[in-house]
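The values are calculated or read from the model by the stated rules, or taken from the named source; none is laboratory data. Here the structure is a predicted model, which means the values were calculated and not measured. Glycine also receives a Cβ, built like all others from the backbone with ideal geometry; neighbour counts cover every protein chain displayed.
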Amino acid sequence: MARLIFDLDGTLVHSAPTMTAAANTLLAELGRPPLTESRVLAFVGQGMRRLVERMLDATGGAPGGDATLQFQRYRAIYSADPLTGTVPYPGVRTALARLAAAGHGLAVCTQKADAPSLAILRGLALMPPVSGFTGGDSLDVLKPDPAMLRHAADQLPPGPVMMIGDSETDAATAAAAGVPFLLHLNGYNHRAPETLGAAATFAAFADLPDLVAALLAAGTR
């Protein structure tokens with residue numbers, strides 16, 4: 001059986017409304033106009049601090065040239081309520097249950113800070129069946145460093161590893177680790193899907209268990 005490592009935002013959950021609300025709360029405190037959800041999504045994928053830095057750059061720059069205080073404030077705002085507005089993608093719970101029942105190990109590897117990530121996974125009843133977790137605070141590196149993926153995979157029983165995500169960063173992480181990448185087409189990707197080198201793509205989570213089984217079968221021939 002396989003070790004399946006999932007990204008969180010844009011893969012298992014649609015969290016853009018929550019991230020946008022936190023971003024606009026911070027911008028309001030700074031006396032700046034709000035950003036649209038699509039604009040905030042353009043800043044997602046390289047960790048929470050980079051999101052804040054890019055958001056500030058787009059609205060006038062970091063006060064004093066240093067975004068540290070604003071990063072800490074955004075993190076506090078977001079962590080206070082990471083669930084309101086965040087929902088699993090359709091079919092996620094059923095797909096995870098099917099994959100776990102088939103004997104696969106499930107873990108999450110996300111750039112998002114550990115505490116809000118775990119609050120989302122537990123609050124939305126995704127953990128269990130997800131049992132492994134690596135977040136933005138777990139190591140001193142972020143994706144696409146393959147150490148994050150390996151840290152998540154090492155928490156699961158032995159088996160071939162697959163990375164399941166929605167973005168260029170997830171694709172690069174899989175490539176760096178030398179494992180297959182499965183691309184969720186309805187996430188937050190900013191590039192043409194065909195450029196990401198995915199072993200398979202899916203739009204509906206109902207299709208994921210059969211895709212995993214097919215890739216495993218192809219790998220054993």
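Quick look at the values:
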{"read-out": "Pairs with Cβ under 6 Å, 6+ apart, first in region 37-52 and on the phi < 0 side of the Ramachandran plot, second part of a loop (DSSP other than H, G, I, E, B) and not hydrophobic (A, V, I, L, M, F, W, C)", "value": "LEU41/TYR188; VAL44/TYR188"}
{"read-out": "Candidates ALA107, ALA125, ALA119 - the one that is modelled with pLDDT of 95 or more, under 15 Å from the mean Cα position of the chain (by Cα) and surrounded by fewer than 22 Cβ atoms within 10 Å (Cβ to Cβ)", "value": "ALA119"}
{"read-out": "Filter result (of a type in the set (Asp, Glu) and within 17 Å of the chain's Cα centre (by Cα)) within region 153-181", "value": "ASP166, GLU168, ASP170"}
{"read-out": "Residue in region 107-118 that is free of Cβ contacts under 8 Å to residues at least 60 places away in the same chain, part of a helix (DSSP H, G or I), of a type in the set (D, E, K, R) and over 15 Å from ILE164 (Cα atoms) present", "value": "yes"}
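Rundown of residues vs (1) in a loop (DSSP other than H, G, I, E, B); (2) under 26 Å from GLY103 (Cβ atoms); (3) modelled with pLDDT of 95 or more, yes/no style:
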site	(1), (2), (3)
ALA172	no, no, yes
ALA175	no, no, yes
LEU182	no, yes, yes
ARG191	yes, no, no
GLU194	no, no, no
ASP210	no, yes, yes
